[in-house]
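Engineer: Okay, here's the structure, questions in a sec.
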């Protein structure tokens, strides 16, 4: 466990939280580059009943990372997605990179179904939200219209349920400065069945 400056405790490791969750995070290299890092977080429900998780918010332990790393959102997220799809199509046309295209396509399709993206498209255009730093998002977390800014499968989209013994995967895109050192971990703050929890998740960039 880690003790924060405000005295609160954040759990880490494979031991379930009081809400019965084990959370881990992985970088998807196929969808990442020097400036955009696509990360997938797995929420495992180790309890004996269904749990509801809502309002997940990431925060890094060091303030310089919170000030410099942005969560890609709104219109910028759509532009990033369109660029990924264009790259996928380009690779699919090149037989010599067929395996690489399959890897990219697989990563995209796992999190972006056509229905999901189409349903969020109007909201993204209407919301027009610019990407914000982790610090800005954390401070304004209660006022964010998550459903308009993030697709349903996004880490910060809102509320989701996990049946007993199963898991749910959520993704997020961080916009980073390649000159900066990367944080080795982050904390996820969220509510589970009405109770607030914080979890430390190790990161490998």
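Engineer: Could you grab me the full set of residues in segment 1-31 that are at negative phi, modelled with pLDDT of 90 or more and either surrounded by 12 or more Cβ atoms within 10 Å (Cβ to Cβ) or within 13 Å of the chain's Cα centre (by Cα) (or both)?
Structural biologist: 16, 17, 19, 21, 22, 23, 24, 25, 26, 27
Engineer: Same structure again: Mind telling me which of the residues 133, 72 ends up being farther than 20 Å from residue 158 by Cβ, in contact with a strand residue (DSSP E or B) (Cβ under 6 Å, 6 or more places away or on another chain) and either modelled with pLDDT of 85 or more or surrounded by fewer than 20 Cβ atoms within 10 Å (Cβ to Cβ) (or both)?
Structural biologist: Matching residue, one of 133, 72: 133.
Engineer: Only residues in segment 129-157 that are at negative phi and in a strand (DSSP E or B) count as the first member; pair them with residues that are surrounded by 18 or more Cβ atoms within 10 Å (Cβ to Cβ) and at pLDDT 70 or above, Cβ under 6 angstrom, at least 6 apart or cross-chain, and list the lot.
Structural biologist: Taking only residues 6 or more apart or on different chains, the pairs are 133/70.
The values are calculated or read from the model by the stated rules, or taken from the named source; none is laboratory data. Computed from a predicted model, the values in this text were never measured in an experiment. With ideal geometry, Cβ positions are generated from the backbone for all residues, glycine too; neighbour counts draw on all protein chains shown.
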